[in-house]
1. Does region 355-398 hold any residues that are under 19 Å from E297 (Cα atoms) and of a type in the set (S, T, Y), and which are they?
2. Confirm whether P424 is part of a loop (DSSP other than H, G, I, E, B), modelled with pLDDT under 95 and within 24 Å of S253 (Cβ to Cβ).
3. Report yes if H132 is open to solvent by 100 Å² or more (accessible area, probe 1.4 Å) and modelled with pLDDT of 75 or more, otherwise no.
4. I want to confirm something. Restricting to region 367-388 and keeping residues that are touching an Asp or Glu at 6+ places or on another chain (Cβ under 9 Å) and of a type in the set (A, V, I, L, M, F, W, C), which single residue is modelled with the lowest pLDDT?
5. So, in region 388-404, how many residues would count as being in a loop (DSSP other than H, G, I, E, B) and closer than 18 Å to W362 by Cα?
6. Name, by its number, the condition in (1) on the phi > 0 side of the Ramachandran plot; (2) surrounded by 14 or more Cβ atoms within 10 Å (Cβ to Cβ) that does not hold for F311.
7. Among the residues of region 265-286, write down those that are touching a helix residue (DSSP H, G or I) at 6+ places or on another chain (Cβ under 6 Å) and open to solvent by 50 Å² or more (accessible area, probe 1.4 Å).
8. Quickly run through region 111-126 and pick out the residues that are open to solvent by 90 Å² or more (accessible area, probe 1.4 Å) and either at pLDDT 75 or above or out of contact with any helix residue (DSSP H, G or I) (no Cβ under 8 Å at 6 or more places or on another chain) (or both).
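The values are calculated or read from the model by the stated rules, or taken from the named source; none is laboratory data. Just so we're clear, the structure is a prediction, and the values are computed from it rather than from any experiment. Reconstructed Cβ throughout: ideal geometry from the backbone, glycine too, with neighbour counts over all protein chains shown. Ligands, DNA and RNA are excluded from the accessible area calculation, which covers all protein heavy atoms including side chains. Shrake-Rupley method; radii C 1.70, N 1.55, O 1.52, S 1.80 Å.
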Amino acid sequence: MAARLLVSGFFWPLLHSTVALNDHSHQAPQYPAHGDSTLRGCGEYSNQVLANGKCKIIATLPLQDGYRCPDIFRCTEEVSYWLHENEERKQDILEMRELIAELQEELRNHRHRLRSLEHQPEVGSYNSSLGHKVQSLEIWASESSTLQRLQATFIYDIQAQVRNLSLMLDAATWNSTCPAPAPPGAPRPPQPAAMRQTRTCHSDCASVYHSGVRSSGVYTILPPGGGSPVHVFCDMETQGGGWTVIQRRRDGSISFNRTWREYSEGFGDLKGELWLGNENIHKITGRGGYSLRIDLEDWDGEHKYIQYRDFSIEDENSYFRLHVSGPSGTAEDSFAWYHNKRSFSSPGSGNLCADISHGGWWYYQCFYSNLNGVYHGGGRYVKGREVMGPDGIVWYSWKNTDYYSLKKVSMMIRPRTFHLHTSP
């Protein structure tokens, strides 16, 4: 027996709703009755117009199981989707229940192990013993570090004493063979025949040259300013030779970010990168009469040089004040016109330019040349976050920028009156 129900949506057979039709004149199709008497009239419906202009549809649906009405009353895709989602949610819930069960089992195991550890009194004593051992090791490491520092200081002191003794021995040897330099205009004391023959007392590389040496290399001189003998590198090739090298940069192997004392005493490798030392430069040039030659090379292999007719620096009491003038050569002057008569300064000596340029030089707000700056490979460089200004090996008048660092530079001195000789 069929029941007449008011259809609501698409759940059947016992759902109620009103279906609205916008087209009032439209007549819904009539589905023929099936041959089975139990389905006679299934799908028949009637409509009536409501006051709001919509239609109310009343359909006849079967109550028996195993039968279905025409497709218009079957579950829609939307209902099928939500039924499928409901099945998936059920599956998720089942999986979550299994996971919760596993976690509960693992929690019970952890609690069991914790109770087992709590009932073992030897664990506390073991941890205490281990703590004492760690503390003992820390004390031992601290004492070892202190002992190593003391040993390093002791070794450094011994090395300094050995160097001092070596210098004293060299000075004594030289003083026994080389007389002290005579004041200007004073007659030179007679020299023994052996000394005149060996000519071992050289005041600079020009003196070495005039003794007959024509090969570049490391030689020992006794600067006219007095003191201990000094090892220098003599250039016997450039412009005839006789040059005493006071500075050289060529590969960045030596840091020139040095203290005042290091710049005073000198540092580096005589056959590599070096600074001869302001004290030694002053002793050689302090009496005047010396020229300076500066050779420059960029990263394209181009060479330039500039020579200054007069060059000297004062003593440490005057902060090694610079005197340089008379430029000539293939490079434009970036040294004398801006740095002449300026005092030397180094990082940490209280000069901001030296600190931000990371080198020792005769700075003056700050530089047009900076041959003791940082070695930047490749030429052009950029300022890093930790750098306040340019700090490369700069010769401004060549590249017209503070941010081009040269590949090679050298500074050499020799007497202004130097003349080439074909024989000693």
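1. Y368, S369, Y375, Y381, Y396, S397 - these are the residues of region 355-398 that are under 19 Å from E297 (Cα atoms) and of a type in the set (S, T, Y).
2. Working: part of a loop (DSSP other than H, G, I, E, B): yes; modelled with pLDDT under 95: yes; within 24 Å of S253 (Cβ to Cβ): no.
No.
3. Working: open to solvent by 100 Å² or more (accessible area, probe 1.4 Å): yes; modelled with pLDDT of 75 or more: yes.
Yes: the conditions hold for H132.
4. The qualifying residue modelled with the lowest pLDDT is M388.
5. So the count comes out to 5.
6. (1)
7. Within region 265-286, just E279 meets the criteria.
8. First pass over region 111-126, keeping only residues open to solvent by 90 Å² or more (accessible area, probe 1.4 Å): 111-115, 117-119, 121-122, 126.
Within region 111-126, R111, H112, R113, L114, R115, E118, H119, P121, E122, Y126 qualify.
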